[in-house]
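Step one of this worksheet: look at the structure below.
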Amino acid sequence: MHAPEYYDRPLFDHALAAELLGKHVLVGITKLDHEENLLEQVQYHGEVVVADQRDGFCVKLRGTREGQFEWLPPDTRAFTPARPGEYRLYSTGEVIANPDYRPTWTAKGAPPD
């Protein structure tokens with residue numbers, strides 16, 4: 001759960017969005033079912049190449065997915081500065097050194113009809 005100050009920040013901070021362009025991000029997405037059971041954890045990293053209030057953030061991927069692109073929601077609240085150091089991706093074993101930001105999301109599935 002995010003700290004209360006998370007909710008006090010604007011959904012899309014234009015100054016932060018501009019700062020994110022060209023930054024190296026390590027993305028983490030946790031996917032849950034409607035009962036909050038873990039379905040999947042996704043991690044990837046790359047450079048933010050588009051920051052748009054309507055369309056979101058486009059990340060040009062690096063490493064094992066070099067040259068691919070992923071889009072993230074237009075929510076700057078998810079972007080927190082990364083602590084200096086090395087991070088290992090669970091799925092690939094890649095070691096990422098000193099990313100600038102670590103945006104994270106949790107996606108919860110809808111209940112069945």
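Treating the beta-carbon of each Lys and Arg as +1 and of each Asp and Glu as -1, no other charges, what is the dipole magnitude of the chain about its Cα centre, to the nearest 20 debye?
300 debye
Which value, in Å², gives the accessible area per residue of the chain when a 1.4 Å probe is used on the protein heavy atoms?
64 Å²
I need the phi-derived Karplus couplings for region 94-99: 6.51 cos²θ - 1.76 cosθ + 1.60, θ = phi - 60°, integer Hz, Gly and Pro marked x.
Result, rounded to whole Hz: 4, 9, 9, 9, 6, x.
At a 1.4 Å probe, what is the % contribution of carbon and sulfur to the accessible area of region 1-104?
In region 1-104, the share of accessible area belonging to carbon and sulfur is 49 percent.
Ranked highest first by the average count of other Cβ atoms within 10 Å around their residues, in what order do 10-16, 102-108 fall?
Highest mean packing first, the order is 102-108, 10-16.
Per DSSP helix of 4 or more residues, -39500 (n - 2.57); summed, then divided by the residues of the chain. What does that give at 222 nm, rounded to the nearest 500?
Computed mean residue ellipticity for the chain: -2000 deg cm²/dmol.
Please state the relative contact order of the chain as a whole percent: Cα pairs under 8 Å, 6+ residues apart?
Across the chain, relative contact order equals 30 percent.
How would you order 24-36, 85-97 from highest to lowest mean count of nearby Cβ atoms within 10 Å?
The most tightly packed comes first, giving 24-36, 85-97.
Quick query: amide H of PHE12 versus all other amide H atoms, modeled in the peptide plane; which residues come in under 5 Å with a sequence gap of 5 or more or a different chain?
Distant-sequence amide H within range of PHE12: THR76.
When the Debye formula is applied to the Cα atoms of the chain, each taken as the same point scatterer, what base-10 log of I(q)/I(0) results at q = 0.13, 0.14, 0.18, 0.22 Å⁻¹?
-0.52, -0.60, -0.98, -1.32
The values are calculated or read from the model by the stated rules, or taken from the named source; none is laboratory data. Source: prediction; values computed, not measured. All Cβ positions, glycine included, derive from the backbone under ideal geometry; neighbour counts span all protein chains shown. Surface accessibility is based on the protein's heavy atoms, side chains included, excluding ligands, DNA and RNA. Shrake-Rupley method; radii C 1.70, N 1.55, O 1.52, S 1.80 Å.
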